[in-house]
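Chemist: Sharing a structure below in structure tokens format, with a few things to ask.
The values are calculated or read from the model by the stated rules, or taken from the named source; none is laboratory data. Small disclaimer: the values here were computed from a predicted structure and weren't measured. Here the Cβ positions follow ideal geometry from the backbone for every residue, glycine too, while neighbour counts run over all protein chains shown.
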Amino acid sequence: MKYQQIDQFAAGLAREKRAAVYDGSKAGYDSRYKALFTHYTAPDELRHLAGEIKQHAIENLDTYLPQVEAKLQENGAKVHWAADAREACEAVLKIMRDRGATKMVKAKTMVSEEIELAHFLEKEGVECLETDLGEFIVQIDHDHPSHIVKPIIHKNRREIATSFEKNGLGEYNDDPGTITRRARQYLRHKYLAADVALTGANFLSAESGRMVLVTNEGNSRFCLAATKVHIALIGIEKIVARDRDLAVLLNLLGRSGTGQQLTSYTEFITGPKSAAQPDGPEEMHVIFVDNGRTDVLESDCREILRCIRCGACLNVCPVYRQASGHAYRAVYPGPVGAVLSPLLAGKKFPEMADLPKASTLCGACNEVCPVNIPIPDLLLRLRDKGKQAGSAAASAATPPMGGYAILATQPAAWKAALSMGGIINAVPTPLLPQAAKTWVETRGLPPWRGGQFRKWMKQRKKS
Amino acid sequence: MSASSREAILNRVRAALTPLPRRAAYPEFGDNVATMPAFDREADRWTAFSERQKLVNGMPMVGATALATWLRENGHLRGYCDPTLWAELAPAFGPEFSVSTDYDRAQVDEYAFGITRAAGAIAETGSIILNDSTTSRRLGALTPWVHAAVLRRENIYSDVAAAIAALGKDTNIIFCTGPSKTADVEGILIEGVHGPGVQIALLID
């Protein structure tokens, strides 16, 4: 294969989309930098600490999972466990059927995307409405989110205005304020008519059983003010040991994701609403989702489970910026996705084994990561794993290295190649080896300078 | 399904972790490690809070009269108020206002403002804190375009870490940092998505 799949996708991306993704991710990077480096003198130390906090939690999940389960039950929540996507979807459906519920409003949760919950529920006759503005637009467009934090980073206002018009949400108007106002008006009546609210969780403290949910729009708050049943889908890696960890993580999450000190709405939930409060869920269910996470925990890439889904690595990644999130063919795009998606793919790992190659290993993703995940190291481990597994995708667009190996292990052959290599500059493009041909499609070959160093050394010895 | 899945998941977690030669230790860190170093924790809390709240496009205000005047000037005449607050606030509001102390879900589009109690605030971030035991109605604080949270001076925490340390037993606590907002459409900031477009912190001594 001449190109990797991500390259092929990027090459076919409309100029307008590429610009939208590039501008959006660059803006995200800039606001993150400004927030962290004007507010803190040593933000780097903070993210190292946050990494240690999360690494401790995931390496002690055997202690913390039963502990948090007991706390949640003590607080009045019901706890369910789902080994895979199907079990998670069925657990949600069963809770709804038991209540005779047919209408769900949901806040943004990546794990619900992962298990394709909305699709499953719709087939079962349950109305399942996204309430985050971006996710709502993705839903009415039958599209997929392309960024963890900014799901419609790939869309412009004109496309959105057109889908609003098509879906009966007023005449064409591409003013972002008007679009937002129309969604506000439409969705508030949906919240009030819904039976069940579904959310994810950003963090869950083992110490108190307290879950934390952040949104900027206030949609998860509306879900939890209007409905009587709350279902929280929580990946088992969301646990932290103590409440005090939350102060560190929340301060980093807002700044890393959107350049905010704190996300606008940061909600701490320990159970169903209190008796005196008229609004909110009388029933709370927590569904712990594995869906491949224990495989990741077992692997030598378990550091990726620290991820707090801020999207900073997407924003900074030169490959993401050019290729967009959809190029990654999975729920989690960008550098985090290049690690997580193949790991979560289970038996389909070989099909996703090209993703770890979609990186220049520049290391920017590690530098911006609020929990200091060594993403480049993990990408290298997965490249190796892909090769070991004999995946064709893992070798896509890799030039054959056999000839190079012969030259590099035989000093005489190497010397000869160096002195004669200049010929390549005179070879017309169609006759170049494939690897060089691909290279010259978008740039020139550098002038051949092989052998110069040897010559210089010789001269130096003489004089 | 659930009981066996629980065992299966926990067994897999144990199997994954048991071979580790050692587990990552819980790191040592001070409570205020993530508090902004330049933030003066000894400063007057209301002054510090007001400055920070303005930075997130919130509106600090002092006294019921200021609130009534602002609402009137902006044409927000119909609203909801926590019944236990209304007796104290009513004298500042004239007959042009129509204020209900009983939130009716069917009237969601009619309330231009909601007035409820704040459980506290955070000076470092300009956040107001609502919880179930002090907020009369979650909806009353969320659905109107303007939300005024009535705050007492002694309930302002200096920083996020202090507010988290004091979370306590309430089943639902929310930090509201400025109005509801989105930047989903082309990264342009729009306020008032699902929650209030105007977030007021009203200090009453």
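Chemist: Within the range A:189-206, how many residues turn out to be among the hydroxyl-bearing types (Ser, Thr, Tyr) and at the interface with another protein chain (Cβ under 10 Å from one of its Cβ atoms)?
Modeler: Within the range A:189-206, the subset among the hydroxyl-bearing types (Ser, Thr, Tyr) is A:191, A:199, A:205.
Then keep just the ones that are at the interface with another protein chain (Cβ under 10 Å from one of its Cβ atoms); that gives A:191, A:205.
So the count comes out to 2.
Chemist: Suppose we filter B:130, B:139 for residues that are touching an Asp or Glu at 6+ places or on another chain (Cβ under 8 Å) and at the interface with another protein chain (Cβ under 10 Å from one of its Cβ atoms); which single one remains?
Modeler: Working: B:130 fails: touching an Asp or Glu at 6+ places or on another chain (Cβ under 8 Å).
Within the list B:130, B:139, the selection yields B:139.
Chemist: Which one is surrounded by the most Cβ atoms within 10 Å (Cβ to Cβ), of the residues in the range A:129-166 that are more than 8 Å from every other protein chain (Cβ to nearest Cβ) and among the small types (Gly, Ala, Ser)?
Modeler: This residue is A:146.
Chemist: Separate question: If you take the residues of the range A:207-229 that are more than 10 Å from chain B (Cβ to nearest Cβ) and buried (at least 24 other Cβ atoms within 10 Å of the Cβ), which of them is nearest to residue A:100 (Cα to Cα)?
Modeler: In this case the residue turns out to be A:227.
Chemist: Any idea which of A:412, A:417, A:426 is without any contact (Cβ under 8 Å) to a residue 40 or more places away in the chain, more than 30 Å from residue A:349 (Cβ to Cβ) and surrounded by 12 or more Cβ atoms within 10 Å (Cβ to Cβ)?
Modeler: Details: A:412 fails: surrounded by 12 or more Cβ atoms within 10 Å (Cβ to Cβ); A:426 fails: surrounded by 12 or more Cβ atoms within 10 Å (Cβ to Cβ).
Matching residue, one of A:412, A:417, A:426: A:417.
Yes/no per residue for (1) away from chain B (no Cβ under 14 Å); (2) within 24 Å of residue A:260 (Cβ to Cβ); (3) hydrophobic (A, V, I, L, M, F, W, C); (4) touching a Cys at 6+ places or on another chain (Cβ under 6 Å):
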| position | (1), (2), (3), (4) |
| --- | --- |
| A:298 | no, no, no, no |
| A:310 | yes, yes, yes, no |
| A:318 | yes, no, no, no |
| A:322 | yes, no, no, no |
| A:328 | yes, no, no, no |
| A:335 | yes, yes, no, yes |
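Chemist: Taking the conditions exactly as written (in the same structural domain as residue A:183 (by TED's automatic domain parsing), part of a helix (DSSP H, G or I) and farther than 30 Å from residue A:320 by Cα), does residue A:69 satisfy them or not? Even if it seems obvious, please write down each step before you answer.
Modeler: Working: in the same structural domain as residue A:183 (by TED's automatic domain parsing): yes; part of a helix (DSSP H, G or I): yes; farther than 30 Å from residue A:320 by Cα: yes.
So residue A:69 passes the test.
Chemist: In this structure, is residue A:6 in contact with a strand residue (DSSP E or B) (Cβ under 8 Å, 6 or more places away or on another chain) and part of a helix (DSSP H, G or I)?
Modeler: Values: in contact with a strand residue (DSSP E or B) (Cβ under 8 Å, 6 or more places away or on another chain): no; part of a helix (DSSP H, G or I): yes.
When the stated conditions are applied, residue A:6 does not pass them.
Chemist: Does residue A:102 satisfy the criteria of being closer than 26 Å to residue A:221 by Cβ, surrounded by fewer than 21 Cβ atoms within 10 Å (Cβ to Cβ), touching a strand residue (DSSP E or B) at 6+ places or on another chain (Cβ under 8 Å) and away from chain B (no Cβ under 12 Å)?
Modeler: The answer is yes for residue A:102.
Chemist: Which is over 18 Å from the mean Cα position of the chain (by Cα) and polar (S, T, N, Q), of A:215, A:266?
Modeler: Values: A:215 fails: over 18 Å from the mean Cα position of the chain (by Cα).
Being over 18 Å from the mean Cα position of the chain (by Cα) and polar (S, T, N, Q) holds for just one of A:215, A:266, which is A:266.
Chemist: All but one of (1) more than 9 Å from chain B (Cβ to nearest Cβ); (2) surrounded by fewer than 20 Cβ atoms within 10 Å (Cβ to Cβ); (3) touching a Leu at 6+ places or on another chain (Cβ under 6 Å) hold for residue A:62, so report the exception by its number.
Modeler: Among (1) more than 9 Å from chain B (Cβ to nearest Cβ); (2) surrounded by fewer than 20 Cβ atoms within 10 Å (Cβ to Cβ); (3) touching a Leu at 6+ places or on another chain (Cβ under 6 Å), residue A:62 violates only (1).
Chemist: Follow-up. Within the range A:59-104, track down each residue that is among the β-branched types (Val, Ile, Thr) and closer than 14 Å to residue A:233 by Cβ.
Modeler: Let us first name the residues in the range A:59-104 that are among the β-branched types (Val, Ile, Thr), namely A:63, A:68, A:79, A:92, A:95, A:102.
Scanning the range A:59-104 gives A:79, A:92, A:95.
Chemist: Got a number for residues in the range A:43-76 being within 24 Å of residue A:300 (Cα to Cα) and polar (S, T, N, Q)?
Modeler: So the answer is 3.
Chemist: Would you call residue A:273 at pLDDT below 95 and surrounded by fewer than 24 Cβ atoms within 10 Å (Cβ to Cβ)? Don't jump to the end; show me each part of the working.
Modeler: On the way: at pLDDT below 95: no; surrounded by fewer than 24 Cβ atoms within 10 Å (Cβ to Cβ): yes.
In short, no.
Conditions tested, residue by residue: (1) within 28 Å of residue A:224 (Cβ to Cβ); (2) in contact with a helix residue (DSSP H, G or I) (Cβ under 6 Å, 6 or more places away or on another chain).
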position	(1), (2)
A:288	yes, yes
A:300	no, yes
A:318	no, no
A:359	no, yes
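Chemist: Condition first: of a type in the set (Lys, Arg), out of contact with any strand residue (DSSP E or B) (no Cβ under 6 Å at 6 or more places or on another chain) and in contact (Cβ under 8 Å) with a residue 40 or more places away in the chain. Can you find one or more residues in the range B:135-150 that meet it?
Modeler: Of the residues in the range B:135-150, the ones of a type in the set (Lys, Arg) are B:137-138.
Among the residues that remain, those that are also out of contact with any strand residue (DSSP E or B) (no Cβ under 6 Å at 6 or more places or on another chain) are: B:137-138.
Next cut, in contact (Cβ under 8 Å) with a residue 40 or more places away in the chain only: B:137.
Yes, the conditions are met somewhere in the range B:135-150.
Chemist: Which condition number does residue A:41 fail, the rest of (1) assigned to a helix (DSSP H, G or I); (2) surrounded by fewer than 16 Cβ atoms within 10 Å (Cβ to Cβ); (3) within 7 Å of another protein chain (Cβ to nearest Cβ) being met?
Modeler: (1)
Chemist: In addition: Take residue A:255 and decide whether it is closer than 24 Å to residue B:189 by Cβ, facing another protein chain (nearest Cβ under 9 Å) and not in a loop (DSSP other than H, G, I, E, B).
Modeler: On the way: closer than 24 Å to residue B:189 by Cβ: yes; facing another protein chain (nearest Cβ under 9 Å): no; not in a loop (DSSP other than H, G, I, E, B): yes.
For residue A:255, the condition - closer than 24 Å to residue B:189 by Cβ, facing another protein chain (nearest Cβ under 9 Å) and not in a loop (DSSP other than H, G, I, E, B) - is not met.
Chemist: Taking residue B:99 as meeting all but one of (1) over 20 Å from the mean Cα position of the chain (by Cα); (2) over 18 Å from residue B:61 (Cβ atoms), write down the number of the exception.
Modeler: (2)
Chemist: Let me ask something else about it. Hey, does the range B:16-39 have a residue that's facing chain A (nearest Cβ under 8 Å), surrounded by 12 or more Cβ atoms within 10 Å (Cβ to Cβ) and part of a helix (DSSP H, G or I)?
Modeler: yes
Chemist: Can you spot a residue in the range A:105-117 that is in the same structural domain as residue A:254 (by TED's automatic domain parsing), touching a Pro at 6+ places or on another chain (Cβ under 7 Å) and not acidic (Asp, Glu)?
Modeler: First pass over the range A:105-117, keeping only residues in the same structural domain as residue A:254 (by TED's automatic domain parsing): A:105-117.
Applying the additional criterion that residues be touching a Pro at 6+ places or on another chain (Cβ under 7 Å) yields A:113.
Still in the running and not acidic (Asp, Glu): none.
No.
Chemist: With a cut-off of at least 1 residues that are within 19 Å of residue A:47 (Cα to Cα) and within 19 Å of the chain's Cα centre (by Cα), name the helices (runs of 4 or more DSSP H) lying wholly within the range A:292-409.
Modeler: On the way: elements: A:293-298, A:312-316, A:318-323, A:334-344, A:349-352, A:364-368, A:375-388, A:392-395, A:402-409.
Once the helices (runs of 4 or more DSSP H) in the range A:292-409 are filtered for at least 1 residues that are within 19 Å of residue A:47 (Cα to Cα) and within 19 Å of the chain's Cα centre (by Cα), what remains is A:312-316, A:334-344, A:364-368, A:375-388.
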